[in-house]
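Read the structure below first, then the notes.
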Amino acid sequence: MRGLTIVLGLLLVLAGGIWLGGHPEALPGPVRDAFVEEGPAVRANLIDTIQDHYYKPVSKAKLEEESLRGMVASLHDPYSRYFSPKEAKSFSEDLSGKFEGVGMSVHPTKQGLLVTDTFAGSPARKSGLRGGDVITAVNGHSIAGQGINLSTDQIKGPPGTFVNLTVQRGKKIVRFHIRRAKITVPEVRSRLVTRGGKKLAVVSLASFSDGVHGVLRQAIDKKLKAGAKGIVLDLRGNPGGLLHEGVLVSSIFVKDGLIVSTRGRAEPKHVYKAQGDAIDPKIPVVVLVDRGTASSSEITTGALKDRARATVVGTKTFGKGVFQEVEPLENGGALDLTVGRYYLPDGEPLPRGGITAQVKATDNPKTKHDEALPVALNQLLQALK
C-alpha cells in the first residue's frame, strides 16, 4: 500500500511538473526564476507586470497573441507570418479560392499593400481599383509595416458591409468606399481568338490554389480540340499559391525533367520534376507576365523559359524567390515561415528582381484596351510560321 502511495505521489508530481512546464506564468516568481529558462520566464514576468500595473485592463490572451506576432515581425521578412486561430482559418479559405471581401490580389510593400490585380466582376474592380495601386490605409488607419495577413483581414468582412481604402496612385491619393461581397476567385478563364487566319487560345490563370492544374488542363484541352494552334498562358496579376500546383501546371507543357528545386538553411535540397502527360511539344506557348506575377507563377514562368518550352512576354515579374512552410501551432494558429529559396532549371536562384521577359509588352491600366496581349499573340504567330 505504501509503495502504491509513493507511485501515485510521483505521478502527481510528474503531471504537475509537465503542466507547470507549459505554464511558467503559474509558478511563484522565485520558483519560476530558478527553474524556468530566462527567455520564457522574462516573457511571463512581463505579461504579469503589464496585467498588474498597466493603467488600463489588458487581456492575457491579447498579450500572448501579440508577443507571438512580435517574435515573427522581428525577422523583418514580409513573407513570414504568425496567424492567430482566426487568421489561420482565413488563410485556408484564401487557398481554397473562396472568401468574403472585395476581390483582389495583393503583395506586401513598405507602404502597405500593392494591388497586383482585381477580379472580374468584383467590388474592387467595379469601384475603380486597379493593378499598381498601393493601399496605404484601411478605414483611416495606416497599414504600413503591419504585415499582409493583418492588413488583408481588415479589408475582408461580411458581405454587405463597407470598407474604406486609402490608395496611393502615382502622386495622387485616392479614396474608395467599397461594399464587401462573397468572392469566388475565377481561377481559369479561356477563349479562342483568331489572328492572321489562325485560331489561338488565351488561357488566364488567377492563382495556384489546390487542384487548379486539373481545371487548367481541361480548359486547354477544350481549346485545342476546338482548333487552337498555339497557347497564351496569361499569368499577369497571379500572386502564386501552392508549390506543387506550380509543378503540376508546368507539367502540362513540359514532358519530363527538372521544373524547380528548393534549398534552405535547415531544409535539404528538394528536386521537383515534371509529372508527365504534357500536351504536344510542337504547340507553341507564350507566357504573359507582369509585376504581379509572383511565387508559383514565377516557378512556371522560369521553368518554361529555361526549358525553352515558351517565350516570356511582358514586364519583369515580382521576384518572390523564397518559399514558406506552414506549421500548425498548439493554440490553433499557424506559423507561415520562410525556410528556403527557389532554384530554376538553369541552376540559378529565382531572381529577387524578378524574371526578365524575353519580349517586352506593357498594358496601360488607364485604357480599356489590353496593349500587352496583342504582342503575345503576334509572338505566337511568329512561332507558327
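Details
- The residue 55 and residue 331 beta-carbon pair, evaluated with R₀ = 35 Å, returns a calculated FRET efficiency of approximately 0.80.
- Unsatisfied cross-links (Cα-Cα over 30 Å) in the set 62/172; 222/255; 222/385: 62/172
- Anchor residue 60: lysines whose Cα lies under 25 Å away (excluding residues fewer than 8 positions away in-chain): 86, 89
- Residues in the stretch 313-339 that a label on residue 47 would reach, taking backbone N under 15 Å of a point 7 Å out along Cα→Cβ: 330-333
- Extents of the stretch 91-225, largest first, come to 52, 34, 27 Å (Cα atoms, principal axes, whole angstrom).
- Heavy-atom accessible surface of the chain, averaged per residue, reaches 53 Å², computed with a 1.4 Å probe.
- Neighbour-limited loop hits for GluC sites (Glu not before Pro), the stretch 284-347 (at most 11 other Cβ within 10 Å; DSSP other than H, G, I, E, B): 330
- The stretch 170-201 and the stretch 50-90 have their alpha-carbon centroids 36 Å apart.
- Multiplying the residue separation of residue 75 and residue 150 by 0.36 nm and removing their Cα-Cα distance gives an extension gain of 25.4 nm.
- Stretch in the chain that is longest and holds no chymotrypsin sites (Phe, Trp or Tyr not before Pro) that DSSP places in a loop and that have at most 10 other beta carbons within 10 Å: 56-385
- Surface share of carbon and sulfur [accessible, 1.4 angstrom probe, percent] for the stretch 230-384: 50 percent
- Scaling the Cα radius of gyration of the chain by the globular reference 2.2 N^0.38 Å produces a ratio of 1.20.
- Per residue, the convex hull spanned by the Cα atoms of the stretch 146-269 measures out at 208 cubic angstrom.
- DSSP-defined antiparallel bridges as percent of all bridges, the chain, nearest 5: 75 percent
- Solvent-free Debye scattering, log10 I(q)/I(0), computed from the Cα coordinates of the stretch 218-287 at q = 0.13 Å⁻¹: -0.46
- With all protein chains in place and ligands, DNA and RNA left out, the 1.4 Å accessible area ranks 270, 177 as 177, 270, largest first.
- As a calculated quantity, the FRET efficiency between residue 86 and residue 215 at R0 = 30 Å, using C-beta atoms, amounts to about 0.55.
- Leading residue at positive end of dipole, the chain (Cβ point charges), from 123, 300, 228: 228
- Loop-located trypsin sites (Lys or Arg not before Pro) in the stretch 42-122 (DSSP state other than H, G, I, E, B) with a sparse environment of at most 11 neighbouring Cβ atoms within 10 Å: 110.
The values are calculated or read from the model by the stated rules, or taken from the named source; none is laboratory data. Small disclaimer: the values here were computed from a predicted structure and weren't measured. Neighbour counts are summed over all protein chains in view; Cβ atoms, including those assigned to glycine, are modelled from backbone coordinates with ideal geometry. What goes into the accessible areas is simple: the full protein's heavy atoms, side chains included, and nothing from ligands, DNA or RNA. Shrake-Rupley method; radii C 1.70, N 1.55, O 1.52, S 1.80 Å.
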